[in-house]
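Novice: This is the structure, below, for whatever I ask next.
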Amino acid sequence: MNRTLIMIRHAKSSWANPAQSDFERPLNERGKKDAPEMGARLKKAGLIPQLIIASTAVRTKETATYIAKQLGYDVALIRWEDKLYHCLPSALEEVLYGVKNSIKSVLIVAHNPGITEFVNQLSPNFFTNNMPTCGVVAASFEAEKWEDFPVSKRKVIIFDYPKNEHDS
């Protein structure tokens, strides 16, 4: 079965309140603009997930919500995962293992540095020094189960981010 995994780093967050905890930081104005834009780009590319999973940090919740709305995805169906907050790549894989095998496409919203490390393991033909805020990496692969993800041959099909130039 052909599966698609879409990885998104949260959009740009606000540092306006220095007393605020990292977990509670919301998106800044640029983040509030970039997240819907990236959702629109995903829709235009035909990358519409059956399931959205996101970290429970405020900035990832806001990013996931903006993107879901652009994709016509019911925000109430987003699966919130505490373990995605500043996690290692192994935690991202663990979350994938919990996805029902009937679901063919998943979008995950998470944080650096784990998301950069994770996307750099997707394909020997793909590498980024740093996953930009609101950056998107999508990969396709053949697998009967999500548990087969680590041993599947994956191909990165999109790498996009807000400052990437696009034709209007």
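Novice: Treat the count of other C-beta atoms within 10 Å as a stand-in for reagent exposure and order 122, 51, 84, 107 from fewest to most. The partial results should precede the final answer.
Specialist: Values: 122 19, 51 16, 84 24, 107 27.
Going from least to most buried by this count: 51, 122, 84, 107.
Novice: Using the count of nearby Cβ atoms within 10 Å as a rough guide to exposure, how do 160, 74, 34 rank from fewest to most?
Specialist: 74, 160, 34
Novice: Rounded to whole Å and sorted largest first, list the principal axis extents of the Cα atoms in segment 80-168.
Specialist: Principal extents (largest minus smallest coordinate, Cα): 36, 28, 25 Å.
Novice: Right, here's the next one. Want the number for residue 155 to residue 77: 0.36 nm per residue separation, take away the alpha-carbon distance, what's left?
Specialist: Numbers: separation 78, 0.36 × 78 = 28.08 nm, distance 2.74 nm.
Between residue 155 and residue 77, full extension yields an extra 25.3 nm.
Novice: Using a ≥ b ≥ c from the Cα gyration tensor of segment 41-107 (square roots of the eigenvalues), is it rounded, prolate or oblate, where a/c under 1.5 gives rounded and otherwise the larger of a/b and b/c decides, a/b for prolate?
Specialist: Judged from the Cα gyration tensor, segment 41-107 comes out oblate (a/c at least 1.5, b/c at or above a/b).
Novice: Which value at 222 nm does the chain reach when only helices count, each DSSP H run of 4 or more adding -39,500 (n - 2.57), with the total divided by all residues and rounded to the nearest 500 deg cm²/dmol?
Specialist: About -8000 deg cm²/dmol.
Novice: Work out the length of the dipole vector of segment 117-168 about its Cα centre, built from +1 on the beta-carbon of each Lys and Arg and -1 on the beta-carbon of each Asp and Glu, and round it to the nearest 20 debye.
Specialist: With only Lys, Arg, Asp and Glu charged at Cβ, the dipole is about 100 debye.
Novice: Oh, and also: Which of the three applies to segment 1-95, rounded, prolate or oblate, going by the alpha-carbon gyration tensor with a ≥ b ≥ c and a/c under 1.5 meaning rounded? All intermediate terms of the calculation are to be shown ahead of the outcome.
Specialist: Working: a/c = 2.13, a/b = 1.28, b/c = 1.67.
It comes out oblate by the Cα gyration axes.
Novice: Pull up all non-local amide H partners of residue 28: gap of 5 or more, or a different chain, and H-to-H distance under 5 Å with H placed in the peptide plane.
Specialist: For residue 28, whose amide H was placed from the backbone, the distant partners under 5 Å are 13, 14.
Novice: Please list, or write none, the lysines whose alpha carbon is within less than 20 Å of the alpha carbon of residue 43, excluding same-chain residues fewer than 8 places away.
Specialist: Within reach: 32, 33, 61, 69, 104, 155, 163.
Novice: Given R₀ = 35 Å, what would the calculated FRET efficiency be for residue 23 paired with residue 44, taking r from the Cβ atoms and rounding to 0.05?
Specialist: 0.60
Novice: For the chain, list log₁₀ I(q)/I(0) at each q in 0.12, 0.16, 0.17 Å⁻¹, using the Debye formula over Cα point scatterers of equal strength and ignoring solvent, two decimals each.
Specialist: With one equal scatterer per Cα and no solvent, log10 I(q)/I(0) is -0.48, -0.87, -0.99.
Novice: Given the options 46, 157, 19, identify the residue whose Cα lies farthest towards the positive end of the charge dipole of the chain (+1 on Cβ of Lys, Arg; -1 on Cβ of Asp, Glu).
Specialist: Positive-most Cα among the choices belongs to 46.
Novice: With θ set to phi - 60° and the Karplus curve 6.51 cos²θ - 1.76 cosθ + 1.60, what are the ³J(HN,Hα) couplings of segment 128-143 in order, to the nearest whole Hz, using x for Gly and Pro?
Specialist: Using θ = phi - 60°, the values come out as 9, 5, 7, 5, x, 4, 6, x, 10, 10, 10, 10, 10, 6, 9, 6 Hz.
Novice: While we're here: Which net charge results for the neighbourhood of residue 14, defined as the other residues with beta-carbon distances under 15 angstrom from its beta-carbon, given Lys and Arg at +1 and Asp and Glu at -1?
Specialist: Taking every Cβ under 15 Å from that of residue 14, the sum is +2.
Novice: Mind putting a number on the dipole of the chain about its Cα centre? Charges go on the C-beta only, +1 for Lys and Arg and -1 for Asp and Glu, and I need it in Debye to the nearest 20.
Specialist: Numbers: 22 positive and 19 negative charges, 71 e Å.
The calculation lands at about 340 debye.
Novice: Using +1 at the Cβ of each Lys and Arg and -1 at the Cβ of each Asp and Glu in the chain, identify which of 56, 113, 66 lies farthest towards the dipole's positive end.
Specialist: Checked the options; the winner is 66.
Novice: Based only on other Cβ atoms within 10 Å, what is the fewest-to-most ordering of 10, 111, 86?
Specialist: Numbers: 10 27, 111 20, 86 16.
Fewest to most other Cβ atoms nearby, the residues stand as 86, 111, 10.
Novice: Right, here's the next one. Scan around residue 105 for amide H atoms under 5 Å from its own, H built in the peptide plane at 1.01 Å from N, and keep only partners 5 or more places away or cross-chain.
Specialist: Here 4, 50, 51 satisfy the definition.
Rule-based calculations on the coordinates, nothing more; no lab input. Since we're looking at a predicted model, the values are computed, not measured. Note that we place each Cβ from the backbone using ideal geometry, even for glycine, and neighbour counts take in every protein chain shown.
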